[in-house]
Amino acid sequence: GVYDVSLTVTNAAGESATFGREAYINVIATVLYVSLDGGHVAPFTTWQDAATNIQSAVDTAIEGSLIPVSNGLYNMTATPSLAKEVTVRAYGDVNACILDGNGQVRCAMLAHDAAVLDGFTIRGGSESTGGGVLIEQAGTLQNCTLTNNIASFRGGAVYLNMGGTVRGCTIAGNASQS
């Protein structure tokens, strides 16, 4: 929630001064949930109130947040961008939490040195570079399965543009033109 702040200072002579600010501190949970069955009630702090898409949870998250994503088939209509220090982690089996670009969009983009995408099946992504995932300078893709992604230029499954890490992933059946 958003809170008002008031500070009162008193010196040895008993003189005091007070300073106040309305709506100055915003406290947000460090764990935000994503579920296809969620109520999409910000700040997404329970499975019942979970965001129904990854980008909404990322946008609401503060640096250092964990975003567990429940099992399900997430048909991507836009590319979620992890451009801050967040860990987006599949909650359950890698084969049960699927990001599917349906041949229309890239499934994810990472653009922060502490951004992590962990434990998903990433399939059907399509873009000029990084059909499945684009890592823009920094970020970590780990424990994922990337399949049936295409790029018209480079990196059918994943493209690392000037940095990033891919760790413990299975990459098979992807294609690019060059």
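The values are calculated or read from the model by the stated rules, or taken from the named source; none is laboratory data. Owing to the predicted nature of the structure, the values given are computational and were not obtained by experimental measurement. Cβ coordinates were reconstructed from backbone atoms using ideal geometry, including for glycine residues, and neighbour counts include every protein chain displayed. Areas reflect the complete protein model, heavy atoms only, side chains present, ligands, DNA and RNA absent. Shrake-Rupley method; radii C 1.70, N 1.55, O 1.52, S 1.80 Å.
Values as computed for the structure displayed
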quantity	calculated
Residue match in segment 40-53 (condition: closer than 23 Å to E136 by Cα and surrounded by 12 or more Cβ atoms within 10 Å (Cβ to Cβ))	yes
Failed item in (1) within 24 Å of G64 (Cα to Cα); (2) buried (at least 19 other Cβ atoms within 10 Å of the Cβ); (3) of a type in the set (G, A, S), with A157 passing the rest	(1)
Residues of segment 90-102 satisfying the condition of being closer than 18 Å to C169 by Cα and either at pLDDT below 95 or surrounded by fewer than 18 Cβ atoms within 10 Å (Cβ to Cβ) (or both)	Y91, G92, D93, V94, N95, A96
Among (1) in contact with a Pro (Cβ under 6 Å, 6 or more places away or on another chain); (2) modelled with pLDDT under 95; (3) of a type outside the set (S, T, Y) - the single one P43 does not satisfy	(1)
Some residue of segment 133-145 being over 17 Å from R89 (Cβ atoms), open to solvent by 60 Å² or more (accessible area, probe 1.4 Å), assigned to a loop (DSSP other than H, G, I, E, B) and modelled with pLDDT under 95	yes
